[in-house]
1. Could you give each residue of the stretch 369-378 its phi-based ³J(HN,Hα) in whole Hz, using Karplus coefficients 6.51, -1.76, 1.60 with θ = phi - 60°, and x for Gly or Pro?
2. Express in nm, to one decimal, how much length is gained between VAL335 and GLU146 on full extension, taking 0.36 nm for each residue of separation and deducting their alpha carbon distance.
3. Convert 4 °C to kelvin, take the viscosity as 1.567 mPa s, use the Kirkwood radius over C-alpha pairs of the stretch 441-588 as Rh, and evaluate the Stokes-Einstein diffusion coefficient in µm²/s, rounded to a whole number.
4. Which length gain, in nm to one decimal place, applies between THR33 and THR138 when the Cα-Cα distance is subtracted from 0.36 nm times their residue separation?
5. Using the Cα atoms of the stretch 306-366 to build a convex hull, what is its mean projected area in square nanometres?
6. From the helices alone, meaning DSSP H stretches of at least four residues, give me the mean residue ellipticity at 222 nm for the chain, per-run term -39500 (n - 2.57), in deg cm²/dmol to the nearest 500.
7. Please state the charge dipole magnitude for the chain, taken about the Cα centre, from unit charges on C-beta atoms (+1 on K and R, -1 on D and E), reported in debye and rounded to the nearest 20.
8. In terms of the ratio Rg/(2.2 N^0.38 Å) built on C-alpha atoms, what value belongs to the chain?
Amino acid sequence: MSYTAPVKDMLFVMNELAGLAAVNALPGCEDATPETAEAILEENARFCSEVIAPLNHSADKAPSSWSDGKVTTSPGFKEAFRQFGEAGWQGVQHPVEFGGQGLPKLLATPCIEMLNSANLSFALCPLLTDGTIEALMTAGTQQQKETFIANFISGKWTGTMNLTEPQAGSDLALVRTRAVPEGDGTYKLFGTKIFITYGEHDMAENIVHLVLARTPNAPEGVKGISLFIVPKFLVNADGSLGARNDVHCVSIEHKLGIKASPTAVLQFGDHGGAIGTLVGEENRGLEYMFIMMNAARFAVGIQGLSVSERAYQKAVSYARDRIQSRDLAGSPGPVAIIHQPDVRRMLMSMRAQIEAARALSYVAAATSDAAHFSDDEATRKSNQAFYEYLVPIVKGWITEMSVDVTSTGVQVHGGMGFIEETGAAQHYRDARILPIYEGTTAIQANDLVGRKTVRDGGAVAKGIIAQVRQTVAELQGDAQLQPIAARLADAADALEQVVEYVVANVKSDIKAVFAGSVPYLKMAGVVLGGWQMARAAAIAAGKLKSGEGDGKFYEAKLATARFYAEQILPQALAYRTAVVDGGAAVMALAEEQF
Ligand SMILES: Cc1cc2nc3c(=O)[nH]c(=O)nc-3n(C[C@H](O)[C@H](O)[C@H](O)COP(=O)(O)OP(=O)(O)OC[C@H]3O[C@@H](n4cnc5c(N)ncnc54)[C@H](O)[C@@H]3O)c2cc1C
């Protein structure tokens, strides 16, 4: 089998680190019992590994194709998507009133991880639809919700996100698509959107585009952007499909990776105007789109985790099979390369970073649930702040890590890693988009510095660092855990110094601070991932002492946490130097010297 879902580690993280029991106790989360979670994960694992994963490599070789405005997806996708919808997987975290299962994000997250490990290109369609549902749930009218959401959840229709234009990428203030009111509550849209994921395809009856556009006389910049629903087929009052709307796919891109995911150029209004309806109020579009983007950014972070896990599984399997060189300690003949210490180092670094990423992102998901469902306002607020601090880290750190981890996966394969049939190269190519779309790493880092650190004077960041230090204190009494505690303590100090540097210098030397924004983001990921690994180590040590559960699993967890503390966490100290001392060097050359 090409992918085996790591259900055991997922359940460990959910139960022991993210606090599934506490999430289950939140109002509205009564169905999310540990037993239900296990059953859902097992069933999802089966579906993803048996139905979706086998299409990954074949779809890379036979990508989606465009002809005369229509897009045909890779062989097997349409049927797999039908099964996905029918099985109810689109609805895991969405409201019961529209046919969803209404389960918390903590339970949806491993399902998203598995789907993306199975097939990143396929999973993008549900990922964008999830975002569309979230945006409509927040800002849509009751009628808009009723018209669209049940159809999204059943898999009949899919959603897209239309921000990017040729001149407007990271900077959405430059969006030029026009929306002209028709006087009957509808608008006509005119413009070009590029890079629209699943902007056209053959897997659903209708494609519903959420589009950023400007109304006449709207203010300049981001304050003049509104959000519109523009379906491919207009929807009649009784919910049936009406006329073809004036939005057309003029081409799809040829890409480095995620080749099976159609990336469309959409032309709005070439034949009189694409009919759209406003979501929420005029000029508040970006605010609503941010709701969708936050959900999507978190999910893209999970994509990084997913593709890393898949690459790791492939690398382990190759390392067991490939016979080359003798064992350093002596062997009668050549042995499997998994005996070589450097191959072990590569596999351990992949594994440790994956486990840390899983732990941090699932903890973030649980925090989002507490922010959403708790009946106590102070709890909601503090969890929301924690979650918002973590979103750019989950997105930025995990996706950057996935490029390294999948590259290491290629390295484990030696020359065969560079050859397409092996499949390791596909994971590396697929991973490369992840630090780019949904806001590049620099855009995530700007968010981390500006909105998430400077705005509150570093208060949330310092609150999290205090929790890290609490974990250090808990570990210190145990001789076995002491080495992990010592490294984590150093890393927490370094992170605090960086937060203080950012807050203290942003006014006097803004360019130097932002020159260190990506290193700060990566450092925060390394440290907070290390924090979760330290917590995992403490739990594993406790279980081993009490003899409870699967001893082999806990021994492995302890070993991986120790590896992380000794091989990955020290990176935090180098990042501190880069941020605190290295900003001036970044800007030292004049533009003409490049
Ligand atoms: C395969 C694919 C799928 C996509 N899917 C969608 C989709 O479904 N919907 C959609 O709307 N868009 C989509 N996009 C667009 C994607 O979100 C953008 O490509 C991305 O946000 C970057 O914008 P850009 O390409 O214009 O790069 P630019 O904005 O031109 O960035 C170029 C470089 O400059 C840096 N940079 C720019 N501004 C800043 C800044 N303020 N601070 C620091 N550095 C900066 C960037 O980090 C980057 O390194 C997709 C793109 C691809 C390739």
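Quick note: the coordinates plus some simple rules give every number you see, no bench work behind them. Just so you know, these numbers come straight off a predicted model, no measurement behind them. Positions of Cβ are generated from backbone atoms using ideal geometry, with glycine treated the same way; all protein chains shown enter the neighbour counts.
1. Result, ordered by residue: 4, 5, 5, 8, 9, 4, 8, 10, 5, 5 Hz.
2. Details: separation 189, 0.36 × 189 = 68.04 nm, distance 6.16 nm.
Fully extending the segment from VAL335 to GLU146 adds 61.9 nm.
3. Once the numbers are plugged in, D ends up at 81 µm²/s.
4. Working it through step by step, the gained length comes to 35.2 nm.
5. That works out to 4.4 nm².
6. So the calculated ellipticity at 222 nm is -18000 deg cm²/dmol.
7. The calculated dipole for the chain is roughly 1060 debye.
8. Values: Rg = 24.1 Å, N = 594, 2.2 N^0.38 = 24.9 Å.
Expressed relative to 2.2 N^0.38 Å, the Cα Rg reads 0.97.
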